[in-house]
Amino acid sequence: MKLIINDISISFQQHKVLQNVSLQAQAGDIIAVLGQNGAGKTTLFELLSGAFMPDAGAIALEGDNIPSNWQSTSLGRLFQNTLMSCSPNLTVRENIALAGLKNKTAWPTNALTNCASLCKKIHATTGYDLTLLLDKKMGMLSGGQRQLISFLLLTLNEPSVLLLDEPTAALDPVAATNLLENTLTWVKKKPIITFIITHDVELAKSISTHIWLVEQGGIKQYQTSLIGTELEQRLQPIQYDKIKRIRS
């Protein structure tokens, strides 16, 4: 499995967001996408998902160009806003049924009858039992529960490319750790390509095999194990020492 980004460029109202970007990723890669706000990280995800089409160049998965509004089972995406990765007004059971219908034609009532088997599949692949939450509305769950269940629903279709858009940004440390543990455990068992947008440098170093740094219209790739002090300084983590000086 190989993803090839071939000389892509995209602009918005004459603002050049990404210019002449060429990169590759392959199955097993976990790529942390870092950069300052407005650098183009989310635009990259929109291009990978087919929501945006590049002004020039192309993105191909296994030799096939990613089309507009790509809705293939090959793609799974988890949003920063925990309400965007699910249907909050429906129950967990109904969300599972909808996830099982992706790229399929079936009556919703038939999909609901398959919920038990889908729950068993989730339990078998992740070890997570959703039985006690099935009749609760997704919107009434905690952010951590909602984000974890949304991720578990992505596993049903076993995507080839997984896009995680700041998945822990709205979570407390315990919920974030739980989500990351489940995600990394599942990803390591599958021949997939994983992208995660984050501003957390330590998270990027802990979870990724590569770092893509988005800046000044380009993307530079680094092997995580070879990150040095210079790059860490450019990533500009929160300057806690400065904050402490102000407090004192």
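The values are calculated or read from the model by the stated rules, or taken from the named source; none is laboratory data. This structure is a prediction, so every number in the text was calculated from the model and none was measured. Cβ placement follows ideal geometry from the backbone for every residue including glycine, while neighbour counts extend to all protein chains displayed.
Only residues that are at negative phi and either among the hydroxyl-bearing types (Ser, Thr, Tyr) or in a loop (DSSP other than H, G, I, E, B) (or both): list them for region 146-162, please.
Ser150, Thr155, Leu156, Asn157, Pro159, Ser160
Does region 155-164 contain any residue that is exposed (fewer than 15 other Cβ atoms within 10 Å of the Cβ) and of a type in the set (Ser, Thr, Tyr)?
Scanning region 155-164 turns up no residue that is exposed (fewer than 15 other Cβ atoms within 10 Å of the Cβ) and of a type in the set (Ser, Thr, Tyr).
Filter region 199-248 down to residues that are modelled with pLDDT under 90 and of a type in the set (Ser, Thr, Tyr) and give me whichever is farthest from Ile10 (Cα to Cα).
The extreme case among them is Ser248.
Would you mind finding the one in Ile8, Ile4 that is surrounded by fewer than 21 Cβ atoms within 10 Å (Cβ to Cβ) and either in contact with a His (Cβ under 8 Å, 6 or more places away or on another chain) or not in a loop (DSSP other than H, G, I, E, B) (or both)?
Sole residue among the options that is surrounded by fewer than 21 Cβ atoms within 10 Å (Cβ to Cβ) and either in contact with a His (Cβ under 8 Å, 6 or more places away or on another chain) or not in a loop (DSSP other than H, G, I, E, B) (or both): Ile4.
Would it be correct to say that Ala58 is over 19 Å from the mean Cα position of the chain (by Cα) and in a strand (DSSP E or B)?
Answer is yes for this residue.
Go through (1) under 23 Å from Gln147 (Cα atoms); (2) under 19 Å from the mean Cα position of the chain (by Cα); (3) at pLDDT below 90 and name the single condition Ala32 misses.
(3)
Which is in contact (Cβ under 8 Å) with a residue 24 or more places away in the chain and surrounded by fewer than 13 Cβ atoms within 10 Å (Cβ to Cβ), of Gln19, Gln14, Gln26?
On inspection, the qualifying residue turns out to be Gln26.
Looking at Glu94 and the list (1) surrounded by fewer than 16 Cβ atoms within 10 Å (Cβ to Cβ); (2) in a helix (DSSP H, G or I), which single condition is not satisfied?
The single condition Glu94 does not satisfy is (1).
Take the residues of region 29-42 that are in a loop (DSSP other than H, G, I, E, B) and of a type in the set (Gly, Ala, Ser): which is surrounded by the most Cβ atoms within 10 Å (Cβ to Cβ)?
Among those that are in a loop (DSSP other than H, G, I, E, B) and of a type in the set (Gly, Ala, Ser), it is Gly40.
In this structure, is Ala51 over 17 Å from the mean Cα position of the chain (by Cα) and either surrounded by fewer than 17 Cβ atoms within 10 Å (Cβ to Cβ) or in a loop (DSSP other than H, G, I, E, B) (or both)?
The answer is no for Ala51.
Considering only region 116-126, state which residues are within 10 Å of Leu152 (Cα to Cα) and free of Cβ contacts under 8 Å to residues at least 12 places away in the same chain.
Passing the criteria: only His123.
Which one is modelled with the lowest pLDDT, of the residues in region 61-82 that are closer than 21 Å to Leu152 by Cβ and assigned to a loop (DSSP other than H, G, I, E, B)?
Within region 61-82, the match that is modelled with the lowest pLDDT is Gln71.
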